[in-house]
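Okay, here's the structure, questions in a sec.
Values quoted throughout were computed directly from the atomic coordinates according to the rules given, and no laboratory measurement underlies them. These numbers come from a predicted model, not from an experiment. Glycine also receives a Cβ, built like all others from the backbone with ideal geometry; neighbour counts cover every protein chain displayed.
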Amino acid sequence: MNYSVEKLSSLIDAKLIGNNKANISFVLTDSRSLCFPEETVFFALKSERNDGHHFIPELYRRGVRNFVVQELPDKLSEFPQTNFLMVADSLTALQQLAECHRKEFHIPVIGITGSNGKTMVKEWLYQLLSQNMNVTRSPRSYNSQIGVPLSLWLLNEQSQLGVFEAGISKPKEMIRLQRIIQPTIGVMTSLGSAHQENFGSLEEKCKEKLLLFKNAEAIVYSMDDEIVSKCVCTSDYPALKLTWSMKDDTVAFYVRAIEKQNINTTIAYTWKNKVNGKFTLPFIDEASLKNAISCAVVALYLGLTPKELALRMERLEPVAMRLEVKEGQHGCTLINDSYNSDINSLDIALDFMNRRPDHKGRKRTLILSDILQSGKTESRLYEEVAELIEKRGVRKFIGIGTSLTHECDAFKNISEKFFFPTVADFVHSEVFRGLSNEVILLKGARSFGFDRLTELLVNKVHETVLEVNLKAVVANLNHYRSFMKPETKLVCMIKADGYGAGAVEIAKTLQEHRVDYLAVAVVDEGVALRKNGITSSIMIMNPEMSSFKTLFDYELEPEIYSFRLLDALVKAAQKEGVTGFPVHIKLDTGMHRLGFNPHTDINELITRLKQQSSVIPRSVFSHFVGSDSNDFDRFSAHQFELFDKGSKQLQAAFEHKILRHIDNSAGIEHFPERQLDMCRLGLGLYGINSRNNEILNNVSTLKTTILQMRNVPKGDTVGYSRKGIIVRDSVIAAIPIGYADGLNRRLGNRNCYCLVNGKKAPYVGNICMDVALIDVTDIDCKEGDSVEIFGDHLPVTVLSDVMETIPYEVLTNVSNRVKRVYYQD
Ligand SMILES: *Cc1c(COP(=O)(O)O)cnc(C)c1O
């Protein structure tokens with residue numbers, strides 16, 4: 001669905017400044033999520049901590065031309081060809097737009113609220129109903145004042161049912177969400193204590209939540225929940241009351257029996273006093289059962305037969321939890337849960353820790369931050385926490401935060417316990433240094449700096465370092481940009497950990513210098529970037545079939561090279577409720593590695609892309625096999641022609657702009673006329689010109705130090721297999737770097753050298769796993785002196801030539817136990 005900018009402006013009662021034609025399909029509130037700048041309108045929202053207006057220049061530079069603002073930028077002249085839609089309040093405007101959009105649809109819409117279980121009910125309704133109708137639902141837990149309008153915006157021509165959650169934390173919020181969602185069917189999940197601090201009583205909160213159902217035709221809730229049923233009865237809402245109960249057989253859905261087995265539960269019910277049915281679901285916990293019952297009521301009301309219901313209930317899947325497991329230092333395993341800290345999610349995480357098998361029977365440790373916004377008094381809250389963790393078998397407890405420190409007495413029954421006001425206090429303590437052979441659950445609100453704590457616990461150290469010159473990276477970037485037109489976009493390839501230089505820091509530098517895209521090989525590399533605060537658009541060149549969910553969660557845009565991959569991705573996107581996810585289409589024009597065949601596949605590709613709305617082509621590209629050598633110029637021309645034709649055909653089938661790109665580093669320099677919309681810069685960024693093997697601005701220098709020196713008399717040998725024969729009385733130095741660090745064995749036996757105080761020191765004998773021996777007989781040096789393996793004074797190409805390989809291989813082979821040190825001179 002799209003709106004002209006004039007239409008959109010009138011819907012939100014804005015004053016339109018600028019009269020540039022634009023059709024808007026995408027609504028953006030978080031600049032990090034930008035994908036389709038040309039068709040996007042950005043709402044500059046103001047919150048306590050953030051002001052979206054600050055991101056306007058950056059978004060303008062990335063191609064956005066439509067902004068909803070509360071105030072105009074100082075220098076309007078810096079934003080030519082731009083529409084500004086002036087409103088009094090951007091958030092209200094966003095909500096108003098969603099409200100208007102919603103009115104276009106005359107379909108059933110389910111609104112879900114309650115304290116717990118909203119996301120689970122939403123996801124399960126999707127799982128139960130999506131085979132019968134096209135369901136549009138809120139992504140993840142988008143249930144806030146911003147999340148709800150963004151969710152409703154997803155309704156489109158194909159939608160046959162909407163399922164949206166609404167969450168509130170304060171009075172007066174629900175009525176705004178009600179106006180946007182306008183649910184025809186309301187579902188009330190359980191009522192609990194979350195956000196209670198802003199409400200006088202549970203009843204008051206319940207009434208506020210019920211406002212969502214003001215104009216609904218039916219409301220689903222549990223008759224057994226006294227507060228909820230009382231509040232519904234005293235309301236004068238006209239809705240049909242679809243109640244369920246385990247005690248009262250006059251309700252719409254009477255639960256006759258619940259039978260728990262090992263991993264399943266069977267529920268027998270009577271629907272509307274007539275139909276007897278039963279279903280089995282693969283869960284046994286109370287919360288899942290109640291949520292499944294709510295879902296069953298909705299499904300039956302919408303016309304699912306008891307038989308269909310039973311078939312689908314049996315296959316319900318759990319709704320994912322965000323917990324990560326990492327290997328830590330000193331034999332520890334870390335379980336990291338950055339999900340909002342509340343007592344319910346703590347319980348889930350503890351449960352997860354307990355269920356993970358641990359063959360070594362290690363101690364279970366919990367590091368917990370203060371729990372914010374529980375609505376309970378602190379003493380009551382931490383008594384409950386203490387009771388819970390004792391019950392869950394935590395042997396060692398580390399509490400971080402002033403409230404926990406204050407309430408330490410609550411933990412009297414835990415044998416080993418420590419309290420620190422801040423993460424920093426903990427990190428500098430003996431307790432931190434003493435962590436070893438434990439399974440550690442880290443559960444902390446982000447504001448306590450638990451990210452940093454995790455980083456320290458998984459840290460690696462080693463003596464040999466790879467020094468990375470970030471200023472040289474920028475100089476190389478600018479060198480290649482000088483071949484490109486100002487409007488040509490750039491992808492920087494930082495796969496293989498930034499060609500060995502360390503993707504995260506390189507990415508931070510590139511982001512600062514406003515490159516349009518970063519590209520990595522695998523999903524884990526992309527996740528690492530996101531976790532380190534990289535917000536640029538990221539492409540994944542080799543998405544694994546098993547990690548699509550991670551792609552969506554971290555907004556990582558995959559390369560798509562085959563129908564099999566496309567189908568699997570679309571399926572996963574549908575399952576997760578993802579729509580309009582950007583992908584990059586690869587065409588095979590001669591590499592014959594990965595990609596669609598431009599001769600035979602394009603029509604089918606267009607058909608399949610058009611059949612669905614989960615993914616959307618953002619770019620189309622191909623790769624030269626030999627842009628680094630003139631010998632292949634004719635083949636390159638042939639590749640370009642094929643690509644040009646295939647990519648134009650794809651573009652012609654779509655209304656939105658699809659970026660076309662083919663030039664890599666050597667291509668940018670050699671075929672600037674083929675730069676199209678975007679180029680992909682790889683090796684050049686790291687200072688190596690693959691066309692002539694020369695170094696532009698050297699980025700990486702691999703360094704170590706002399707560990708020990710000794711005199712070895714003529715006739716002796718050094719190293720394994722007596723390969724290092726000493727032909728004159730010599731001084732031999734040992735350096736702590738071996739093939740396990742990436743120093744190739746072929747460099748040994750005097751085939752290559754390193755530099756000691758500027759002089760060449762040949763490798764003698766076989767290079768060992770962790771140590772190499774070098775001849776320093778004629779060099780003025782001592783133990784502790786620095787040694788350069790390659791870098792500023794010894795080009796990496798010297799090593800790659802000896803190894804009969806390309807510099808790419810030497811750079812990417814530096815193992816990750818070698819610490820990277822970044823500097824800017
Ligand atoms: C690695 C890679 C590049 C970068 O190539 P360089 O020769 O390092 O510039 C470009 N495109 C694709 C598809 C790649 O995989």
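Long-range amide H contacts for G328: which residues qualify at under 5 Å (H placed 1.01 Å from N, peptide plane, sequence gap of 5 or more or a different chain)?
Under 5 Å from the amide H of G328 lie the amide H atoms of T333, L334, each far enough along the sequence or on another chain.
log10 I(q)/I(0), Debye, Cα-only the range 725-782, no solvent, q = 0.23, 0.27 Å⁻¹?
For the requested q values the scattering log ratios are -0.87, -1.14.
Any idea how far the Cα center of the range 688-734 sits from the one of the range 578-606, in Å?
Each part's Cα centre sits 47 Å from the other's.
Could you order the peptides 681-692, 477-488 from most to least packed, using the average number of other C-beta atoms within 10 Å per residue?
So the order, starting with the most tightly packed, is 681-692, 477-488.
Which three extents, in whole angstrom, do the alpha-carbon atoms of the range 512-593 cover along their principal axes, largest first?
For the range 512-593, the Cα extents along the three principal axes come out at 35, 35, 20 Å.
Same structure, new question: Lysines near K21 by alpha-carbon distance under 17 Å, same-chain residues fewer than 8 away left out - which ones?
Partners within reach: K7, K657.
What is the distance, in nm, between label points placed 7 Å from the Cα along the Cα-to-Cβ direction at E197 and at N273?
Result: 4.8 nm between the two label points.
In square nanometres, what is one fourth of the surface area of the convex hull spanned by the alpha carbons of the range 217-333?
Computed as one quarter of the Cα hull surface, the answer is 10.3 nm².
Binning at 20 angstrom from zero up to the longest distance, how are the C-alpha pair distances of the chain distributed in percent?
All Cα pairs considered, the percentages come to 13, 38, 35, 12, 2, 0.
Show me the trypsin sites (Lys or Arg not before Pro) within the range 218-251 that DSSP assigns to loop and that have at most 15 other Cβ atoms within 10 Å of their Cβ.
Listed in order of number, the matching sites are K247.
Further question: If a paramagnetic tag sat 7 Å from the Cα of N23 along the Cα-Cβ line, which residues of the range 38-56 would have the backbone N under 13 Å from that point?
Output list for this probe position: 39-40.
Take the alpha carbon atoms of the range 419-529, find their radius of gyration, then divide it by 2.2 N^0.38 Å using N residues; give the quotient.
Rounded to two decimals, the normalised Rg is 1.43.
Let me ask you something else. So how do Y517, Y237 line up by other beta-carbon neighbours within 10 Å, fewest first?
Least crowded to most crowded, the residues run Y237, Y517.
Would you mind ranking C679, C206, C781 so that the residue whose beta carbon has the fewest other beta carbons within 10 Å leads the list?
Working: C679 27, C206 23, C781 18.
The most exposed by this proxy come first: C781, C206, C679.
No solvent, one uniform scatterer per C-alpha: report log10 I(q)/I(0) for the range 3-89 via the Debye equation at q = 0.20 1/Å, two decimals.
Log10 of I(q)/I(0), two decimals: -0.87.
Let's test the formula: R0 of 22 Å, r as the Cβ-Cβ distance of N542 and K571. What FRET efficiency results, to the nearest 0.05?
The value I calculate is 0.70.
If you don't mind, there's one more thing I want to ask. What is the packing order of peptides 186-193, 14-21, taking the mean over residues of other C-beta atoms within 10 Å and listing the highest first? Please report the intermediate quantities before stating the final value.
Details: 186-193: 23.8, 14-21: 13.6.
Per-residue Cβ counts within 10 Å, averaged per peptide and sorted highest first, yield 186-193, 14-21.
Work out the FRET efficiency for I175 and D801 from their Cβ-Cβ distance, taking R0 = 60 Å, and round it to the nearest 0.05.
It comes out at approximately 0.25.
Explain nothing, just compute: Karplus ³J(HN,Hα) = 6.51 cos²θ - 1.76 cosθ + 1.60, θ = phi - 60°, for every residue of the range 154-162 in order, whole Hz, x for Gly and Pro.
Taking θ as phi minus 60°, the curve returns 6, 4, 9, 3, 7, 4, 10, 8, x Hz for the range 154-162.
Then there is this: Relative to the first principal axis of the alpha-carbon coordinates of the chain, what is the inclination of helix 378-391, with its axis defined by its Cα atoms, in degrees from 0 to 90 and to the nearest 10?
70
Calculate log10 I(q)/I(0) of the range 105-314 for q = 0.08, 0.17 Å⁻¹, where I(q) comes from the Debye formula with a single equal point scatterer on each Cα and nothing for solvent.
-0.25, -1.18
S190's amide H: which non-local residues (gap 5+, or another chain) put their own amide H closer than 5 Å, with H modeled 1.01 Å from N in plane and none for Pro or chain starts?
Result for S190 returns S115, N116.
What list of ³J(HN,Hα) values in whole Hz, one per residue of the range 662-667 in order, does the Karplus curve 6.51 cos²θ - 1.76 cosθ + 1.60 (θ = phi - 60°) give from phi, with Gly and Pro shown as x?
Running phi through 6.51 cos²θ - 1.76 cosθ + 1.60 with θ = phi - 60° gives 9, 6, 9, 3, 5, x Hz.
Given only helices, namely DSSP H runs of n ≥ 4 each adding -39500 (n - 2.57), what is the per-residue ellipticity at 222 nm of the chain, to the nearest 500 deg cm²/dmol?
After summing the helix terms and dividing by the residues of the chain, the value is -8500 deg cm²/dmol.
Can I ask one more? At a temperature of 4 °C and a viscosity of 1.567 mPa s, determine how fast the range 465-686 diffuses translationally according to Stokes-Einstein, using the Kirkwood radius over alpha-carbon pairs as Rh; express D in µm²/s, rounded to the nearest whole number.
Calculated translational D: 73 µm²/s.
To continue, here is another question. Please arrange W124, W244 by how many other C-beta atoms lie within 10 Å of their C-beta, fewest to most.
Ascending Cβ contact count within 10 Å gives the list W244, W124.
Pairing the Cα long axis of helix 633-652 with the longest principal axis of the chain, what angle in degrees results, from 0 to 90 and rounded to the nearest 10?
Helix 633-652 sits roughly 10 degrees off the main axis of the chain.
Within 10 Å, count the other beta carbons around each residue, average over each peptide in 724-735, 103-114, and list them highest first.
Answer by packing, highest mean first, reads 103-114, 724-735.
Amide H neighbours of R256 under 5 Å, at least 5 residues apart or on other chains, H built in the peptide plane: list them.
A268, Y269, T270
OK, next. With Cβ to Cβ distances under 10 Å as the rule, what net charge do the other residues near V522 carry (K, R +1; D, E -1)?
Combined, the nearby Lys, Arg, Asp and Glu give -2.
Pop out the ³J(HN,Hα) list for the range 297-309 in order, Karplus 6.51 cos²θ - 1.76 cosθ + 1.60 with θ = phi - 60°, rounded to Hz; leave Gly and Pro as x.
4, 4, 4, 5, 4, 7, x, 5, 7, x, 5, 4, 4
Just to confirm my numbers, what's the Cα centroid distance between the range 633-667 and the range 208-277 in Å?
A separation of 58 Å, based on Cα centres.
Taking each pair of different alpha-carbon atoms in the range 179-224 once, compute 1/r for the pair, average those values, and report the inverse of that mean as the Kirkwood hydrodynamic radius in Å to one decimal.
Result for the range 179-224, one decimal place: 11.5 Å.
Here's something else I'd like to know. What is the sum of charges around N751, taking Lys and Arg as +1, Asp and Glu as -1, for the other residues whose C-beta is under 14 Å from the C-beta of N751? Present the calculation step by step, with values, prior to reporting the outcome.
Working: positive: K723, R745, R746, R750, K760; negative: D775, D801, E804.
In short, +2.
In the range 132-227, what trypsin sites (Lys or Arg not before Pro) fall in a loop by DSSP, with at most 16 other Cβ atoms inside 10 Å? Could you put the intermediate results ahead of the total?
Numbers: sites: R137, R140, K172, R176, R179, K205, K207, K209, K214; in loops: R140, K172, K214.
Answer in residue order: K172.
Checking the table K549/K571; K723/K782; K122/K290; K122/K209; K443/K531; K247/K272 against a 19 Å threshold on Cα-Cα, which pairs fail? It would help to have the intermediate numbers written out before the result.
Numbers: K549/K571 11 Å; K723/K782 25 Å; K122/K290 13 Å; K122/K209 17 Å; K443/K531 16 Å; K247/K272 15 Å.
K723/K782, as the Cα separations exceed 19 Å there.
Also: Give the separation of the Cα centroids, the range 744-800 to the range 476-536, in Å.
32
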